[in-house]
Amino acid sequence: MIEITLPDGAIKKISENTTPMEIAKSISEGLARNVISAKFNDTIVETSTPLNEDGTLILYTWQNEEGKKAFWHSTSHVVAQALEELYPNIKLTIGPAIENGFYYDVDFGEHSISEKDFPEIEKKALEIARGKHDYKMRSVSKKNALNFYKNQNNEYKIELIENLEDGTITFCDHDTFTDLCRGGHIPNTGIIKAIKILSVAGAYWRGDENNKQLTRVYGISFPKQKDLTEYLELLEEAKKRDHRKLGKELELFTFSKKVGQGLPLWLPNGAALRERLEQFLKKAQKKAGYEMVVTPHIGQKELYVTSGHYAKYGEDSFQPIRTPKDEEEFLLKPMNCPHHCEIYNSSPFSYKDLPKRYAEFGTVYRYEQSGELHGLTRVRGFTQDDAHIFCTPDQINEEFKNVIDLTLYVLGSLGFENFTAQVSVRDLNKPEKYIGSVENWDNAEKAIIEAAEEKGMDYVIESGEAAFYGPKLDFMIKDALGRQWQLGTIQVDYTLPERFDLTYKGSDNELHRPVMIHRAPFGSMERFVALLLEHTGGNFPLWLIPMQAILLPVSEKHEKYAEKVLSSLENHEIRALIDNRNETVGKKIREAELKKIPFMLIVGEQEEASKTVSVRRHGGEDVGSLSIDNFSDLVSTEINSTLKSF
């Protein structure tokens, strides 16, 4: 007999070689009908895997993220089989599950596919799925695995196998299809009821631009057709909200091939938006005791060698800038923290001076692969709302909680109310990924968990998601479309103060090491604006939007009154302009709607006589005629209802 511990702490004593599915059936038939994947002792297993030792078991359904991953990975096998049957002699490479769905990278050889081929691929894949074929894992020797793919003339799978150790190689079979696979499948193909091929794109083998470009086939699947229909409707809404589309329509930002890929250019409207975001945070930071600093866009290579960033990211970042002086090298700044360490080091501090809180809107540069660049969400140059708090060990708890309050204020004022707090810790099985002592890591992780608990936060712990120098608390935000994004982050760091030899004089007159807290409520201005655009659909909060109102004179003879109204609005600090083009009011209203301007103020003879404006909201609501003072009060009330006090 072996003992199996379930998530609720219950222990089941079972015979050796009992499977997760059999355990599910022993709990309830209803659960067994819904279980599609399992994790045993932190390893994803099949529901048919015999268990032969004590351990912890988690059973997953479609409602769990891990269950969805198994479902989508299993579907990638079905789609791969369909592609092989439709396009002979293609070469399959890898087909993982991703955040929403799956992809399979394929060398199509003499074949090519486009959107017109998607229905046929879906039809063939569903035909295979309806066969209710079991997924069966089996171990294969390295020799036999290599021979299998040599017979298929598949150099991609051969390369993967050559990097695997004999005794660790497994194949997955279903129907007539076999694939090299580590595992993690649903019981059988019949559970898959709806499949949609979403798109195709180019992808270099193993992400290396020097390798052959393959075709990446993206798809998604569901256990019910209704789920697919709802997802496709959501996808259509997401297309309408795409920040690249809205950014162009609202004239916020652009890109230039001559300037370079991944380097955004902010247009006047976008620059004004950024400025307001910065001023909003600066005001809150000032209340919270932060001091603004400014650091250069470059630093000597040695700075980033000391911090550890060069060892971790140097090969994948922009290469060193060499000066006319021999052996002098600079790097484009990949992080602001080393610069802030040197600012701290420029003066001696005692425990009475701490904490020191340095904040900066600092632009950093990282060389992302061209295929990974995506609008403002993945760029090569971006500005972080960075701050670093240098404090004593006994100040960590209070400082960390204060940063949580600041982050919640920022996110709440911008309409991001739905979030999960994620405590991102190190992967204990991969210590080589991190720098610093085990003791310091233990202390840092403990400090974050204690602060999160004291603030009453609902948090989850994610292993392996920590930064290389310390654990962090990430704010995982759900947007209006139900998608999850990582925005604000707070990190505890014992390592950089050691690497930069940071000290303060304690009450015992001895030198001690400060602890460093990294924080960025926005994360980066670029990514935050992109997500805010998609979350709001471009309908920004009234306090933030570049243009709050537009004046629409009925005819040319009302323009002078419109100018007086504009002057009065400016005195009330309302951002407005006049559309005095020779167009109909109807056309001006339609165009103002497209630009998502919150208020349209129509002025004609009646308004001029009564010294009012006729107010129309974005979306079509007729507010009626208001005096300038009353309209100003309306704007102030709406701003105050969304912009929380800090």
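The numbers here are math on the coordinates, done by the rules we state, and not lab data. No experiment lies behind these values; they were computed from the predicted model shown. We place every Cβ from the backbone using ideal geometry, glycine too, and count neighbours over all the protein chains shown.
What is the calculated FRET efficiency for D633 to E398, with r their C-beta to C-beta distance and R₀ = 35 Å, to the nearest 0.05? Walk me through the numbers before you get to the answer.
On the way: r = 39 Å, r/R0 = 1.13.
Here the calculated transfer efficiency is 0.35.
Model label points for S141 and F171, set 7 angstrom from Cα along the Cα-to-Cβ axis, are 1.4 nm apart.
Here the spin labels are modelled as points 7 Å beyond Cα on the Cα-Cβ line, and at N153 and T503 they lie 7.0 nm apart. Quick one: check the C-alpha center-to-center distance for segment 226-283 versus segment 471-507, whole angstrom. Taking the Cα centre of each part, segment 226-283 and segment 471-507 sit 25 Å apart. Which of the three applies to segment 316-382, rounded, prolate or oblate, going by the alpha-carbon gyration tensor with a ≥ b ≥ c and a/c under 1.5 meaning rounded? Since a/c reaches 1.5 but b/c is at least a/b, the shape of segment 316-382 is classed as oblate. Within the same chain, lysines fewer than 8 places from K226 are excluded, and of the rest, those with a Cα less than 18 Å from its Cα are K68, K123, K193, K196. The stretch between E559 and T584, if pulled fully straight at 0.36 nm per residue, gains 7.6 nm over its current Cα-Cα span. Once a ≥ b ≥ c are taken as the square roots of the eigenvalues of the Cα gyration tensor of segment 236-283, is the result rounded (a/c under 1.5), prolate (a/b larger than b/c) or oblate (a/b not larger than b/c)? Oblate is the answer for segment 236-283, as a/c is 1.5 or above yet b/c matches or exceeds a/b. Pairs over the 24 Å Cα-Cα cut-off, from the set K240/K595; K39/K455; K287/K446: K39/K455; K287/K446.
Which order results if V515, V529 are arranged by neighbouring Cβ count within 10 Å, fewest first?
Placing the least packed residue first, the sequence is V529, V515.
Contact order for segment 66-236, expressed relative to its length and based on alpha carbon pairs under 8 Å spaced 6+ residues apart, stands at 26 percent.
Please enumerate, by chain and number, the lysines with C-alpha under 20 Å from the C-alpha of K142, excluding those fewer than 8 residues away in the same chain. Here the lysines satisfying the reach criterion relative to K142 are K91, K150, K157.
Using a ≥ b ≥ c from the Cα gyration tensor of segment 2-61 (square roots of the eigenvalues), is it rounded, prolate or oblate, where a/c under 1.5 gives rounded and otherwise the larger of a/b and b/c decides, a/b for prolate? Note, shape of segment 2-61 comes out rounded. The three principal axes of the Cα atoms in segment 549-642 give end-to-end lengths of 37, 28, 20 Å, sorted in falling order.
Screening the chain for DSSP H helices whose Cα atoms reach 30 Å or more along their own axis and whose mean Kyte hydropathy is at least -1.0 gives 65-86.
Taking label positions 7 Å along the Cα-Cβ direction at both N418 and Q279, the computed distance is 3.2 nm, reported to one decimal.
Using the 10 angstrom Cβ neighbour count as an exposure proxy, how do R322, R499 rank, fewest first? Don't skip to the answer; put the middle values down first.
Values: R322 12, R499 17.
Least to most surrounded, the residues fall as R322, R499.
Amide H contacts of G362 (H built 1.01 Å from N, in plane; Pro and chain starts excluded): Q384, D386 sit under 5 Å, all sequence-distant by 5 or more or on other chains. For the chain, the Cys residues with no second cysteine's beta carbon closer than 4.7 Å are C337, C341, C391. Listing E237, E439, E465 from fewest to most neighbouring C-beta atoms within 10 Å gives E439, E237, E465. Taking segment 586-635, how much of its Cα-Cα pair set, in percent, is spaced more than 14 angstrom apart? Cα-Cα pairs in segment 586-635 separated by more than 14 Å: 49 percent. Once the Cα-Cα distance is subtracted from the 0.36 nm per residue extended length, the E209 to I461 segment shows a gain of 87.2 nm.
Tell me, in nm to one decimal, what length is gained between T642 and Y367 on full extension, where the rule is 0.36 nm per residue of separation less the Cα-Cα distance? Before the final figure, lay out each step's value.
Details: separation 275, 0.36 × 275 = 99.00 nm, distance 3.73 nm.
So the chain would gain 95.3 nm between T642 and Y367.
Straight-line reach from K143: taking Cα to Cα under 14 Å and skipping same-chain neighbours fewer than 8 places apart, the aspartates and glutamates in range are E159, E162, E165, D166. Temperature 10 °C, viscosity 1.306 mPa s: under these conditions the Stokes-Einstein estimate for segment 265-536, based on its Kirkwood radius over C-alpha pairs, is 82 µm² per second.
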